[in-house]
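What follows draws every value from the coordinates through simple rules; no lab data is involved. On a predicted model such as this, the values are computed, not experimentally measured, just so you know. Cβ coordinates were reconstructed from backbone atoms using ideal geometry, including for glycine residues, and neighbour counts include every protein chain displayed.
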2 protein chains.
Amino acid sequence: MMKTVISKEGHEVSIGDNGPTVLIGERINPTGRKRLVESLKAGDLSVVRELALSQVKDGAAILDVNVVAPGINERDVLPRAVEALMAVVDVPLCIDVNHREALKGALEVYRGKPIVNSVTGEEKSLNAVLPLVREYGTAVIGLTLDEKGIPKEAEKRVEIAAKIIERARSFGIPAEDVIIDCLSLTVGADGQAGLLTLEAVRRVQETLGVNQTLGASNISFGLPNRMLLNQVFLSMAIQAGVTCPTVNPAKVCTAALAADLILGRDRFAMRFIKDYQAKQGIEL
Amino acid sequence: MMKTVISKEGHEVSIGDNGPTVLIGERINPTGRKRLVESLKAGDLSVVRELALSQVKDGAAILDVNVVAPGINERDVLPRAVEALMAVVDVPLCIDVNHREALKGALEVYRGKPIVNSVTGEEKSLNAVLPLVREYGTAVIGLTLDEKGIPKEAEKRVEIAAKIIERARSFGIPAEDVIIDCLSLTVGADGQAGLLTLEAVRRVQETLGVNQTLGASNISFGLPNRMLLNQVFLSMAIQAGVTCPTVNPAKVCTAALAADLILGRDRFAMRFIKDYQAKQGIEL
């Protein structure tokens, strides 16, 4: 498996290469978070900072930052949020944008090599995003959807992944800087959704060998016992080839550590035991 | 994937064939259960009955029965335990023995098609156990170890599995009546143990396609947070090809249901939701 290295002011994070699972914290995202929306509208970044600190404490090694919501000017707010985050945490950022200009503004202020979230297999998206990825030397998340939407067949998602990697290469972006997202939908709506995604992840891993992210929270939408469902799905996704899932670390960090331990990526169970002790309040 | 059908007095249980995961309850086993040992020594089967009822309530569809302990005469006690179990529960049994004569006695009294636990790849074992499996028309668990012990390489475990299936066939036992156990050891002792077992399971599934069991409790021995580790390992094992794990159902039944739901084996999430409601005390 390839190794993707990203950074923030000299602090590097390696993804893949049989190393531990790297959690991307998903919580700096206005969807369903009224308090965050209100604070951003008021130009107040305190909630952003708070969500950053708590996610890092809970095990996030990268933070996704998204400020897209009605009434928020992404072009103004995103670069300010990126600055605020760089001031309080050392983890690299995954810059999650709607508009190209907002992305450009955020990349201008970022110090290091972030992840751009995201490009799709659509021509419009490839041509808008990849030149910036190349210009700023970032990594990029490639979503396996195109002009026809999200394919129902695992094989077609793999084809889109291959297309994104190939197109990135033509722009001078190495394959290891493309992180594929095979997209997880909700099993409550489609009973085959989980199986399909896991199959796509497995094939991307086998045939393309790039790093992969996946949102591991949608899968359980509308169902009871969501935390366990998300933990089980995340374990399976990691086994299949996901190396940097996008998650709420407070909910699934221990399951990811358990998965790493079982998959031989945690020597002497050091990380697993340290996490347990920290959560029990045991001094090391 | 093949389908294995076992039974107890007309009550059939199907394993495999893309159906739901079938849990074999592991708790009727004297190892580490002093109260069970003492009761068996006194000729008292009340603890056996109690462990049967609680495991079925917790989601076991098959019960393993093992009475091997110092001071217990397996030849006398095993057939009595089998009779006692048949009187209180309708689930088929997995008869777990040390001595051929004890097995013969248990098979004589059993009404239906049980699982014999177990045969190994050792010549002595194959020649002692398979004729009884053939004579009584049972299914059998094949452990992937031989005269040299448990192989350190996944590929060798698969070779032993293939040998057991082939030898069973030569005795007139169909492949679908052989359930392979790739054997899980403790990740606390060997960090690669989990990965190795999962790799063996995946290859057995791909190349032999038979049903598989696996003890999913040993993996976490000596580590903290055992329940989560066992749940994560079980999820991965089910994903890799285990169809009838041997477990404590009280600890992992919900994780197995979550795995089935994610893998598209639980239409409309009926089983997952029903389990949730039952545990919340919600009337259906």
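Points to keep in mind about this one:
- Cα gyration tensor, chain A - rounded (a/c under 1.5), prolate or oblate: rounded
- Amide H partners (placed H, <5 Å) of B:SER118, local residues excluded: B:VAL97
- Straightening the chain between A:ASP76 and A:GLU159 buys 26.3 nm, computed as 0.36 nm per residue apart minus the Cα-Cα spacing.
- Between this copy and the others, label points of A:GLY137 are 7.4 nm apart in ascending order, each placed 7 angstrom from Cα in the Cβ direction.
- Rounded to the nearest 0.05, the FRET efficiency derived from the C-beta distance between A:MET227 and B:LYS251 at R0 = 22 Å is 0.85.
- Of all beta bridges that DSSP places with both ends in chain B, some 25 percent have antiparallel geometry.
- One Cα centroid belongs to segment B:45-75, the other to segment A:188-259; the line between them spans 36 Å.
- Relative contact order, percent, segment A:100-206 [alpha-carbon distance under 8 Å, six or more residues apart]: 24 percent
- Estimated distance in nm for a label pair at B:SER14 and A:ASP90, the labels positioned 7 Å out from Cα along Cα-to-Cβ: 5.7 nm
- Anisotropy class of segment B:165-275 from Cα gyration tensor, a/c 1.5 cut: oblate
- Computed label-point distance, nm, for sites A:GLU123 and A:VAL5 using a 7 Å Cα→Cβ extension: 3.8 nm
- Of all chain B residues, the one whose C-beta is nearest the axis that brings B onto A, in angstrom: B:SER235, 2
- Treating each Cα of segment B:22-157 as one equal point scatterer and applying the Debye formula with no solvent, the log10 of I(q)/I(0) at q = 0.11, 0.19, 0.20, 0.22 Å⁻¹ comes out as -0.40, -1.10, -1.19, -1.34.
- Model label sites at A:TYR136 and A:LYS148, defined 7 Å from Cα along the beta-carbon direction, differ in position by 3.2 nm.
- Summarising the amide proton neighbourhood of B:ILE179: residues at separation of 5 or more, or on other chains, whose placed amide H is nearer than 5 Å comprise B:VAL140, B:ILE141, B:GLY142.
- Shielding by partners, peptide B:249-256 (average Cβ within 10 angstrom, other chains): 1
- For B:LYS251, a cut-off of 14 angstrom between C-alpha atoms picks up these aspartates and glutamates, skipping any fewer than 8 places away in its own chain: B:GLU26, B:ASP58, B:ASP275.
- Convex hull of alpha carbon positions in the protein assembly as shown: directionally averaged projected area 27.6 nm².
- DSSP beta bridges in segment A:114-237 [antiparallel fraction, %, rounded to 5]: 10 percent
- Counted charge near A:ALA250, where neighbours are those whose Cβ lies closer than 10 Å (Asp, Glu -1; Lys, Arg +1): +2
- Each Lys or Arg adds one and each Asp or Glu subtracts one; over the other residues with Cβ under 9 Å from the Cβ of A:VAL68, this totals -2.
- Unsatisfied cross-links (Cα-Cα over 27 Å) in the set A:LYS156/B:LYS152; B:LYS57/B:LYS113; A:LYS3/A:LYS163: A:LYS156/B:LYS152
- Counting only DSSP beta bridges with both residues in the protein assembly as shown, the antiparallel share comes to about 25 percent.
- Backbone phi angles across segment A:175-188, fed through the Karplus curve with coefficients 6.51, -1.76 and 1.60 (θ = phi - 60°), yield HN-Hα couplings of 4, 5, 8, 9, 10, 8, 10, 7, 6, 9, 9, 9, 5, x Hz in residue order; Gly and Pro are listed as x.
- Sorted from nearest, the other copies put their B:THR31 label points 4.6 nm away, the label point being 7 Å from Cα in the direction of Cβ.
- Per residue of peptide B:227-234, the mean number of Cβ atoms on other chains within 10 Å of the residue Cβ is 6.
- Computed from Cα atoms alone, the Kirkwood hydrodynamic radius reported for segment B:36-114 is 12.5 Å.
- Summed residue charge, Cβ within 13 Å of A:GLY10's Cβ, Lys/Arg positive, Asp/Glu negative: 0
- Each peptide in B:89-95, B:37-43 was scored by the mean count of other Cβ atoms within 10 Å over its residues; highest first, the order is B:89-95, B:37-43.
- Going from the residue with the fewest nearby Cβ atoms within 10 Å to the one with the most, B:GLU206, A:GLU74 rank B:GLU206, A:GLU74.
- Averaged over A:185-191, number of beta-carbon atoms from partner chains that fall within 10 Å: 3
- Other copies of B:GLU155: label-to-label distances in nm, shortest first, labels 7 Å along the beta-carbon direction: 2.9
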